[in-house]
Amino acid sequence: MRWARNVRLGDWTVTLVDVHVTAKSLADEKRRRAVLSPQEAETYNALRFEKRRREWLAGRLAAKLALRRRLRASGGTAPPFARIAVSNRDGASGPPVSPIAGVVSISHSHGLAAAVAGSAPVGVDIERLRPFNASLRTVFLNDAERAWLGRAEAEQPELPTLGWAFKEAFCKARLIGIQDGLPGPEWRGWDDNGRLLWRWPLEAAPRKKDAIFANWQAHGRLIDDYAIVVVGASPKRKAERT
Ligand SMILES: CC(C)(COP(=O)(O)OP(=O)(O)OC[C@H]1O[C@@H](n2cnc3c(N)ncnc32)[C@H](O)[C@@H]1OP(=O)(O)O)[C@@H](O)C(=O)NCCC(=O)NCCS
């Protein structure tokens, strides 16, 4: 793939960035200075593992591209990359936080980073297609999900990865960790337009104050060996309301 590109998932645009190409072209500190704020550079330098550094860097780039795109789409001017500092809420971990109003979500997997920016809650997850053993399935799928998936995956072997990405993206849109939110909503498949179908199982149904989820949608897409899912409040509906 090209080093960066945008793909559509439902009403969202996801920015994909190649982790290895980014690492190579920003290997030089001087070049990184054009992209990272001083605080981001500090965080980057403090990361101990090379793999984490590379993924973190590509995630920043994807997030900045997504935020600049969103600013331009709403008629604003996009500041230079280094002025859009995307930090993490908890030091070098936790949800991403940007100085630009709205939200941004980041994911990385095996050489690709993905980001989505929006004005309403949104979460993205990218996963390289892989098998899921029975015990892992019990972590993120309930009985009903395991039953239909077991029947359907002979024809669509990518379904378990897609389901995992759905649950991860849902957690991210809620700004919680996967350990706090699974199995969460019950996944019921996807339609020909890539829209994921889900409902709340009785025991996990959100309280009245969480009725915001009524506006939430999920879209998935398979690109090469990857499953990508975006979950959140539809940006179109928000635009219609405002
Ligand atoms: C942290 C978590 C949000 C995603 O983790 P992940 O799938 O391992 O990693 P991803 O690459 O998809 O996403 C990481 C990004 O999510 C973002 N993120 C982290 N915590 C977040 C949270 N609570 N809410 C929203 N976004 C969050 C960060 O931007 C992070 O990237 P960065 O640190 O480079 O900025 C969470 O769902 C989790 O705890 N995952 C554990 C995954 C796991 O158990 N995997 C084993 C499966 S076999």
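The values are calculated or read from the model by the stated rules, or taken from the named source; none is laboratory data. Remember, predicted model here, so these are calculated numbers, not experimental data. Every residue, glycine as well, gets a Cβ built from its backbone with ideal geometry; the counts of neighbours run over all protein chains shown. With ligands, DNA and RNA removed, areas are computed over all heavy atoms of the protein, side chains included. Shrake-Rupley method; radii C 1.70, N 1.55, O 1.52, S 1.80 Å.
From Leu136, Leu141, Leu129, which residue is among the aliphatic types (A, V, I, L, M), without any contact (Cβ under 8 Å) to a residue 24 or more places away in the chain and within 14 Å of the ligand (Cβ to nearest atom)?
On the way: Leu141 fails: without any contact (Cβ under 8 Å) to a residue 24 or more places away in the chain; Leu129 fails: without any contact (Cβ under 8 Å) to a residue 24 or more places away in the chain.
Selected residue: Leu136, the only one of Leu136, Leu141, Leu129 that is among the aliphatic types (A, V, I, L, M), without any contact (Cβ under 8 Å) to a residue 24 or more places away in the chain and within 14 Å of the ligand (Cβ to nearest atom).
Among the conditions (1) assigned to a strand (DSSP E or B); (2) at pLDDT 95 or above, the only one that Trp198 does not satisfy is (2).
Number of residues in the range 78-91 that are near the ligand (Cβ under 8 Å from one of its atoms) and over 16 Å from Ile176 (Cα atoms): the value is 1.
Of all residues in the range 15-41, those being open to solvent by 60 Å² or more (accessible area, probe 1.4 Å) and within 15 Å of the ligand (Cβ to nearest atom) number 1.
Answer with yes or no whether Arg188 is in contact with a strand residue (DSSP E or B) (Cβ under 6 Å, 6 or more places away or on another chain), in contact (Cβ under 8 Å) with a residue 40 or more places away in the chain and more than 17 Å from Val231 (Cα to Cα). The answer is no for Arg188.
The residue that is farthest from the chain's Cα centre (by Cα), counting only those in the range 60-88 that are over 12 Å from Val35 (Cβ atoms) and buried (at least 24 other Cβ atoms within 10 Å of the Cβ), is Leu67.
Residues in the range 101-114 that are more than 17 Å from Ala23 (Cα to Cα) and surrounded by fewer than 22 Cβ atoms within 10 Å (Cβ to Cβ) were compared, and the one that is farthest from the ligand (Cβ to nearest atom) is Ala101.
Go through the range 124-172 and give me each residue that's hydroxyl-bearing (Ser, Thr, Tyr) and within 21 Å of the chain's Cα centre (by Cα). Show your work before the answer.
Within the range 124-172, the first condition is being hydroxyl-bearing (Ser, Thr, Tyr), and the residues that meet it are 135, 138, 161.
Listed by number, the list holds a single entry, Thr161.
Can Asn133 be described as polar (S, T, N, Q), over 24 Å from Val14 (Cβ atoms) and surrounded by 15 or more Cβ atoms within 10 Å (Cβ to Cβ)? Answer is no for this residue.
Among residues of the range 51-68 that are within 16 Å of Val122 (Cβ to Cβ), none has a Cβ under 9 angstrom from a residue that is acidic (Asp, Glu) and part of a helix (DSSP H, G or I) at a sequence gap of 6+ or on a separate chain. Candidates are the residues of the range 144-177 that are within 14 Å of the ligand (Cβ to nearest atom) and open to solvent by 50 Å² or more (accessible area, probe 1.4 Å); the one that is nearest to Asn215 (Cα to Cα) is Arg174.
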